[in-house]
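Following: one structure in structure tokens, then a few remarks.
The values are calculated or read from the model by the stated rules, or taken from the named source; none is laboratory data. The shown structure was predicted, so the numbers you read here are calculated from the model rather than taken from an experiment. Every residue, glycine as well, gets a Cβ built from its backbone with ideal geometry; the counts of neighbours run over all protein chains shown.
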Amino acid sequence: MIKDKREVARRGEAAAIPTAWEYAPAPESREIVHFEDRYGLCIGGQFLEPLSNERYTTIDPAREEPLAEIAQAGKADVDRAVKAAREAYAERWSQLRPSERAKYLFRIARILQERSREFAVVESLNGGKPIRESRDVDLPLAAAHFFYYAGWADKLEYAFPNRTPRPIGVAGQIIPWNFPLLMLAWKIAPALAAGNTVVLKPAETTPLSALLFCDVVRQAELPPGVVNIVTGDGRTGAELVSHPDVDKIAFTGSTEVGKAIQRTLAGSGKRLTLELGGKAANIIFDDAPLDQAVEGIINGIYFNQGHVCCAGSRLFVEESIYETVISKLKRRMKTLRVGDPLDKNTDVGAINSKQQLDKIGSLVQSGIDEGAEIYQPPCKLPERGYWFVPTVFTNVAQSYRIAQEEIFGPVLSVLTFRTPDEAIEKANNTPYGLSAGVWTEKGSRILAMAQKLRAGVVWANTYNRFDPASPFGGYKESGFGREGGRHGLEPYVALDGE
Ligand code: NAP
Ligand code: MG
């Protein structure tokens with residue numbers, strides 16, 4: 001005993017006892033990625049200069065540095081892409097044996113796995129998301145979607161027994177910036193598996209992983225024109241939507257643009273699926289495993305800086321455990337590491353664009369003005385780039401904008417409830433209906449809640465879990481149609497009687 005005390009004293013003199021654990025920088029190398037100075041449009045298996053002659057610069061939102069010059073496709077460019085897709089559909093892709101289509105999809109999946117580190121770096125550089133997420137979530141899931149739908153390509157008659165499924169033709173696909181490669185995989189994999197060809201428009205701010213995907217398509221030796229990528233802003237998307245020779249539009253993005261697309265397509269006979277916004281309720285009952293639930297809350301709202309359509313942005317806590325949950329939550333928030341997306345220890349990366357940062361800022365200001373109480377952990381932000389400190393609001397009324405509108409940022413609004421019925425009523429009090437979370441020990445309660453929640457996906461004792469075999473999609477203003485699973489094939493096949 002005495003000896004131990006002496007030893008402690010001796011060591012105390014020799015070296016200061018550390019009081020805080022500092023992380024050493026752990027940057028992922030960007031050497032693995034090579035960007036061209038400028039990119040054309042990927043049409044018919046080649047990169048073509050845009051007929052529009054317009055270009056813009058895509059940047060790294062964490063450093064506000066330019067990465068490459070991107071083509072802004074105009075009407076004539078979209079027309080060329082649709083023609084290439086039509087020709088590939090009629091002459092090549094729809095003629096292939098389904099098992100041959102499957103081979104190509106398996107190849108794409110394997111190449112994505114082989115090149116996953118490179119893609120993860122591109123995704124984090126161009127989008128701002130932490131490398132830990134692009135490496136461990138976006139890339140494995142994107143490959144998994146191709147693997148999954150490759151499996152269906154020659155089994156469509158089992159997916160739709162006695163209904164003679166046939167491809168529908170050329171699909172126009174428009175995706176957002178929050179999961180650029182993953183959304184591409186969600187769109188392209190089922191379309192190709194069912195025998196269609198595609199023209200895809202990535203979001204204006206995150207075109208690079210889609211352009212790199214053209215190289216995967218080349219490597220997999222897909223027939224030219226099966227996958228075409230047209231870059232540009234909303235105008236390019238609008239051209240694709242109104243092109244007369246597109247058979248189906250698949251859109252993921254905001255409710256506002258989704259409604260505009262639906263108006264354009266009304267009466268045209270074109271098929272449409274919409275995956276839109278959300279304002280999900282994450283509901284914590286007093287019998288929930290609280291530490292696990294706090295991890296679920298954190299993952300629900302701070303994953304991908306809250307740029308997640310199914311983010312658990314409204315937290316409902318049973319009144320009896322309110323104080324405990326909030327204090328645990330705040331303590332956990334202090335440990336979140338905000339900063340360089342390429343650092344492997346980063347939990348929260350950069351906001352995708354200046355425009356999105358401004359939107360988050362103005363909604364947070366509205367929360368303060370309306371009387372909610374704001375908490376942000378102490379946090380040193382990098383000097384350049386677009387950043388927002390993880391934020392939680394308490395004292396929130398249901399009528400506040402921060403409880404009603406989608407913020408699409410790292411901002412959580414906390415409300416309370418006393419009974420399961422009250423939780424349901426409040427949770428469903430939104431124009432959206434994409435997802436929800438329930439935390440409780442009771443299986444029967446989980447099932448009862450899931451049945452009453454108007455949401456396409458309900459997670460129980462977990463959050464933000466995805467699997468290519470599981471359908472995903474919304475109710476109400478969150479859209480219609482499902483992606484993932486056998487359901488995800490439906491929008492891309494014509495069945496007997498159609
Ligand atoms: P957005 O403005 O609706 O954009 C989505 C895509 O549509 C982008 O490629 C966009 O191009 C394009 N676009 C814009 N205007 C268009 C028009 N008039 N016609 C055709 N296309 C047009 O949404 P965002 O701001 O990129 O993404 C955030 C929103 O997407 C959030 O509301 C979020 O909830 C929703 N979202 C939903 C899901 C889901 O699965 N349900 C998934 C992710 C995101 P630009 O890039 O040039 O704007
Ligand atoms: Mg937009």
Fill in: Inter-residue pairs, beta-carbon under 7 Å, first assigned by TED's automatic domain parsing to the domain that holds SER124 and in region 194-222, second of a type in the set (Asp, Glu) and part of a helix (DSSP H, G or I), 6+ apart
SER209/GLU123
Worksheet entry | Residue list for region 332-388, filter: loosely packed, with under 13 Cβ neighbours inside 10 Å and touching a Ser or Thr at 6+ places or on another chain (Cβ under 7 Å) | GLU373
Practice prompt. State all residues of region 256-313 that are at positive phi and surrounded by fewer than 21 Cβ atoms within 10 Å (Cβ to Cβ); if no residue qualifies, say none.
Written response: GLY267, GLY269
Discussion item. Regarding region 258-274, can at least one residue be identified that is outside any helix (DSSP H, G or I), within 15 Å of the chain's Cα centre (by Cα) and touching a residue at least 60 places away in the same chain (Cβ under 8 Å)?
Written reply: yes
Worksheet, complete the sentence: Checked region 165-192 for anything within 16 Å of ligand 2 (Cβ to nearest atom) and either of a type outside the set (A, V, I, L, M) or at pLDDT below 95 (or both); matches are GLN173, PRO176, TRP177, ASN178, PHE179, PRO180
Fill in: Positions within region 224-246 being more than 11 Å from ligand 1 (Cβ to nearest atom) and surrounded by fewer than 19 Cβ atoms within 10 Å (Cβ to Cβ), in sequence order
PRO224, PRO244, ASP245
Worksheet entry | Answer from ALA260, ALA266 - the residue that is at pLDDT 95 or above, out of contact with any strand residue (DSSP E or B) (no Cβ under 9 Å at 6 or more places or on another chain), of a type in the set (A, V, I, L, M, F, W, C) and within 16 Å of ligand 2 (Cβ to nearest atom) | ALA260
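Checking the condition within 19 Å of VAL246 (Cβ to Cβ), among the hydrophobic types (A, V, I, L, M, F, W, C) and either touching a helix residue (DSSP H, G or I) at 6+ places or on another chain (Cβ under 7 Å) or surrounded by fewer than 18 Cβ atoms within 10 Å (Cβ to Cβ) (or both), which residue from VAL82, VAL78 passes?
On the way: VAL82 fails: either touching a helix residue (DSSP H, G or I) at 6+ places or on another chain (Cβ under 7 Å) or surrounded by fewer than 18 Cβ atoms within 10 Å (Cβ to Cβ) (or both).
The match here is VAL78.
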Discussion item. Being in a loop (DSSP other than H, G, I, E, B), closer than 30 Å to LEU208 by Cα and either in the same structural domain as THR205 (by TED's automatic domain parsing) or not aliphatic (A, V, I, L, M) (or both) is the filter here; which residues of region 316-370 pass it?
Written reply: ARG337, GLY339, ASP340, PRO341, LYS344, ASN345, THR346, ASP347, GLY349, ASN352, SER353
Worksheet item: Say we look at region 201-218 and pick out the residues that are under 14 Å from ALA73 (Cα atoms) and charged (D, E, K, R); which of these is surrounded by the most Cβ atoms within 10 Å (Cβ to Cβ)?
Response: LYS201
Discussion item. Within region 385-399, does at least one residue satisfy the condition of being more than 17 Å from ILE297 (Cβ to Cβ) and either among the charged types (D, E, K, R) or assigned to a strand (DSSP E or B) (or both)?
Written reply: no
Worksheet, complete the sentence: The condition of being within 30 Å of PHE47 (Cα to Cα), outside the structural domain of MET449 (by TED's automatic domain parsing) and touching a Pro at 6+ places or on another chain (Cβ under 9 Å) holds, among ARG235, ARG271, only for ARG271
Worksheet item: Taking strands (runs of 3 or more DSSP E) that do not extend beyond region 406-498, which have at least 2 residues that are in contact with a Ser or Thr (Cβ under 6 Å, 6 or more places away or on another chain) and either modelled with pLDDT of 95 or more or of a type in the set (D, E, K, R) (or both)?
Response: 411-417
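Going through PHE106, PHE119 one at a time, which residue ends up being crowded, with 24+ Cβ neighbours inside 10 Å and either at pLDDT 95 or above or touching a Lys or Arg at 6+ places or on another chain (Cβ under 7 Å) (or both)? Steps first, please.
Working: PHE106 fails: crowded, with 24+ Cβ neighbours inside 10 Å.
Only one candidate qualifies: PHE119.
Yes or no: LEU181 under 23 Å from the mean Cα position of the chain (by Cα), under 28 Å from LEU357 (Cα atoms) and more than 11 Å from ligand 1 (Cβ to nearest atom)? So that I can check it myself, show each step before the final result.
Working: under 23 Å from the mean Cα position of the chain (by Cα): yes; under 28 Å from LEU357 (Cα atoms): yes; more than 11 Å from ligand 1 (Cβ to nearest atom): yes.
So LEU181 fits the description; yes.
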